[in-house]
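Single-structure report; data block below.
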Amino acid sequence: MARSHVDEAALYDRQIRLWGFDAQTRMRNATVLVLRLRGTACEVIKNIVLAGIGTLKILDDAEVTELDLGAGFFYREEDVGKKRVDAAIPRISALNPLVNIVSLSSPLDLSDDSLHALFLNIDLVCATDYDRPTLEKLDEACRKQGKQFYAGGTLGSYGYAFCDLGEHSYVSQDKTKPNAPQIRKTFKYASLSTALKASWSHLSKRDTKELNPEVVFSILAVWEYSARHGVMPNSYDTVHELQAIANELLGAAQVNKLVLKAMPEKHVELLATTAPYEISPVCAVLGGFLAQDMLKAIGGREAPMANLFTFDGMGGGGTVCRLGMKGAV
Amino acid sequence: MGRDAHARAILGDELCSQLANTRVLLVGAGGIGCELLKTLLLTGFGHITLLDLDTIDLSNLNRQFLFRKKDVKQSKALVAAEAAGPFNPACKIEPIHADIFEPRFDLAWFSGFDIVLNALDNLGARLHVNKMCISANIPLVESGTAGYMGQVQPIVKDRSECFACMPKETPKTFPVCTIRSTPSTPIHCIVWAKSYLFGKLFGESEDDEAEFAEALKNGENPNEIAELRVEAAAFTKIRSSLNSPKAPALVFDKIYNADIKRLLGMEDMWKSRTQPVPLEYTAIRSGTFVIPERKKPGTQKAMNVVVNGHSNGKKAVNGSGTADSAGGLKDRKALSLEDNVELFASSVQRLAKRQAATSQPLSFDKDDDDALDFVTATANLRAICYGIQTKTRWEVKEMAGNIIPAIATTNAMISGLIVLQALHLLKKSYDRMRSVYVRTKPTAPLGVSTMAPPNPYCAVCRDVYVPFPCNPEIAVLGDVLRAIGIAKAEDEDDDNDEEMNGAEEGKVMREAYVYEGNRLLFEPEMGENAKKTLAYMGVTWGKSLTIMDYDGKVVNLVLVLLPLPPDHGADAKPFVMPSTLPTLPARPPPSAPSAPPTPAKPTLKRSAPEDDELIDDTRAIKRIRTEGGAVKAPAEKETTIREENGVLILDDDEEDNVIELD
């Protein structure tokens, strides 16, 4: 027992020096459920398993295809045709033998009872690469059971992450100042459906611009398109519809017209043809960001994002919009 | 639909086909390197040369996901290549377990790559690769991470700043007297224990005189320096009896009693400082010692010093007193005065025994338990003398070892951002190049800034580089200079002029200084070296000659030495000069009001750190080539979003090998 503590301290030395023993202990005691196993999920899983969470549960019912080899580094060519979870589990376990890994290869059943059973004994749910209605449903179920909820994924060279942590407290400390006090803060998060109805009207011109609404609303337009059609946009023919949806959303959110009057084609055009696809560098950024934020939430150390992150891979930047949350930082 | 179908849909067929034929040099297989190798393979890069000097350590495994416990002590480059290969069997990975500074990695070698990606941990190597890429005109993506923060900077010669354009933060140093006589913070005590005391007792015995002379020249108090001389002499005596059972008592009495008492005798020193108190070895060990009351500066009145809430120093005097639980580990346990004395005695004996067994001088290594015990105990005891907060062994390890926290997530994000910038460079979409910062700003955790133009005073990317095939064993400096139109020295003997090639009558010759690195080889008034061969002066393949205009009117010309081509005739001249040398652009006038702070003489930038008079605290570099340290984010330039100034980006996470250079 004492021995294993010393070993763990040596293994996790460089991160314990960042977030402290208490956060590490909370990670060690946490159970995380990851839903779906595409490229971003592979990155998230690698990162949280290396960090030393207690138990990882993965649910995915798909089989490995050749397409998965592009961003799924847990799969090999000889795995094509196997269940994704079956192919990935041994490689995930090898990353950190201290983590318990559990897999489920049944399809995700969105009925209330089924979700209730699925989320029992889970501390945090991370749903990757789902459509918006599914995410809303999952978030709602998490809220009911008091589970921390994360969603994330990539759309071509774009990516997004959302979190709903209910009422969340954390400790933070300004490391740039010697002997800075540790401060405890508490935030009330919004559900995904509430967040998406939030108005931007209170934001100043500069604050609006900083959040890069072109990227945010292009991504939200893809979500809306997919919700309406049941499929992702996947051709140039969808550009105009995406653009029209984006403009509707911009109007509904009352985004400052001096910053963005109408959605230009730049982002929606790229999304129209690439949204269903994934590439490793974008998955790495999203998986890194998501996992880091999940670890902050689990560890209770440093502020998790609040609450919608969007990333434009070709531009390089990523911003976080605070949607539907009362109170300032 | 193949494995690259997604990449083709997003990046296009043309770029994807190009990637398969792209030759990448990835320097570093550590925190960023492992992540980057994975991302490069999956993105479809076809040829990757992976170079790293290091071997795997247990503390790497929390983030360097290609390594397992069984791989500890193996080559990072070899293990990483082996582990990542299956991610994309079509890619050819060539791992090299070597030092990037080796001469074989010369201009010609760098020129064989389409792009270079830095995943390095130390400033020396980063500057070196930057210079090689600038001289070979190969695009480079620079990167670094520290904890939650990270940075990616694409670099293309003449289109952006290079890595050397902005001055880098230099290591933090402390005046000698602060360390030796008047510490006021825990780090002063730790630096004293590690950089001074450890070496004095177990290291190479060396002469302090040079250091004292520098300190005096630097205006430090002569009386204090005189005292330090006496102290130094006493160590010679102590060293001879380190193996006696009495050694701990002897050492203790000298450093915590006699030396402190002697310092107390210098009343001037304590006019504005709280006085230290001497400690008594025997009394502490027999449990009868009580820390005496301290005298407040400027008064004769005694004050009761409270060390972490305990006035007698008998109870725990633990340092940071964080709310964080200790996790039940001895490293995190607060050490009492008695604990520190016990740790002191046992570590002195262990180190003395080891030294006696090998008769080799020891050097401080944070992963050496005996050395860390010694530094923890001696620094804490000194802190108690001076009424300074003490630290746990865990904290001392971080401070003494310059450990930079490191996590997988930041490295993963940075690796993705590096590849995205690399794609812009390969497509030659230079207008899309951005520096990207991973930071903790709540609204913009990934900040971007557009590329700043090269610093007109940069001593690296404003120089003109010319490949210079030669045989340095035969090539004579004077001949080389003539061939590029540099005038001979005034006092140069004219005997050989007839035989020299290239000394054409009537040709206008300019005057210049000639450097190899920071070594001045030749100047117009001092031309004896003109008759020597390049090899005689240590200028060989992989090195370069920097020709600095005497009048400073044009930028430097740098001749980069390479082997002669195989078909070069044995009787021909021992070097090949390009038929036309590039025109050297004019050097901008110095001291423009908005000019960034760069040295007036560019060569100064290459000089070794001149900190003889100072005790180097923070980092020195494992490869002991240059100073390491933090790199400042460039100032904001037309950012697409507001940039946070002063984001501190440190080296990558190979902190394991960052040791002190004293």
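Quick notes
- In terms of its C-alpha gyration tensor, the protein assembly as shown has an oblate overall shape, because the principal axis ratio a/c (a ≥ b ≥ c, square roots of the eigenvalues) is not below 1.5 and a/b does not outweigh b/c.
- The ellipsoid that matches the Cα gyration tensor of segment A:1-84 has semi-axes, each √(5λ) in whole angstrom, of 31, 13, 11, with the longest given first.
- Other-chain or far-sequence residues with amide H under 5 Å of B:I93's (modelled H): B:I48
- Shielding by other protein chains, A:66-79, mean Cβ within 10 Å: 5
- Backbone geometry of segment B:391-400 corresponds, through the Karplus equation with coefficients 6.51, -1.76 and 1.60 at θ = phi - 60°, to 3J(HN,Hα) couplings of 10, 7, 4, 4, 5, 4, 4, 5, 6, 6 Hz, x marking Gly and Pro.
- Straight-line cross-link partners of B:K157 among the lysines, defined as a Cα under 26 Å from its Cα and at least 8 positions apart when in the same chain: B:K131, B:K168, B:K427, B:K428, B:K543, B:K553, B:K601, B:K605, B:K632, B:K637.
- For the protein assembly as shown, DSSP calls about 60 percent of its internal beta bridges antiparallel.
- The relative contact order of chain A, computed from alpha carbon pairs under 8 Å that lie at least 6 residues apart in sequence, is 21 percent.
- Translational D in µm²/s for segment B:223-277 (Stokes-Einstein at 4 °C, 1.567 mPa s, Kirkwood Rh from C-alpha pairs): 106 µm²/s
- The phi torsions of segment B:189-198, fed into the Karplus equation with coefficients 6.51, -1.76 and 1.60 and a -60° offset, translate into couplings of 5, 5, 5, 4, 5, 7, 8, 10, 4, 4 Hz, rounded to whole numbers, with Gly and Pro shown as x.
- Rounded FRET efficiency, nearest 0.05, which uses the C-beta distance separating A:D207 from A:Q182 and R0 of 22 Å: 0.15
- At least 15 Å along the helix axis (C-alpha) and Kyte average at least -1.0, DSSP helices within chain A: A:39-51, A:84-95, A:213-229, A:239-252, A:280-299
- Figure note: B:D208, A:D131 ranked by solvent-accessible area, largest first, 1.4 Å probe, ligands and nucleic acids not counted: A:D131, B:D208.
- Of B:S435, B:S240, the residue with the largest accessible area leads and the full order is B:S240, B:S435 (1.4 Å probe).
- Charges were assigned to the Cβ only: +1 to each Lys and Arg, -1 to each Asp and Glu. The resulting dipole of segment B:1-89 about its Cα centre is roughly 300 debye.
- 14 Å beta-carbon shell around A:Y225, net charge (K/R +1, D/E -1): -4
- Net charge of Cβ neighbours under 12 Å - reference B:A412; Lys, Arg +1; Asp, Glu -1: +1
- Look at the Cα gyration tensor of chain A: its axes a ≥ b ≥ c give a/c of at least 1.5 with a/b at or below b/c, and that counts as oblate.
- Near A:E241: Cβ cut-off under 11 Å, other residues only, Lys/Arg at +1 and Asp/Glu at -1. The net charge is -2.
The values are calculated or read from the model by the stated rules, or taken from the named source; none is laboratory data. Just so it is clear, the structure is predicted and the values come from calculations on it, not from any experiment. Counting neighbours? That spans all protein chains shown, and the Cβs are built from the backbone with ideal geometry, glycine included. Each accessible area value is taken on the protein alone, full model and side chains, heavy atoms only, with ligands, DNA and RNA left out. Shrake-Rupley method; radii C 1.70, N 1.55, O 1.52, S 1.80 Å.
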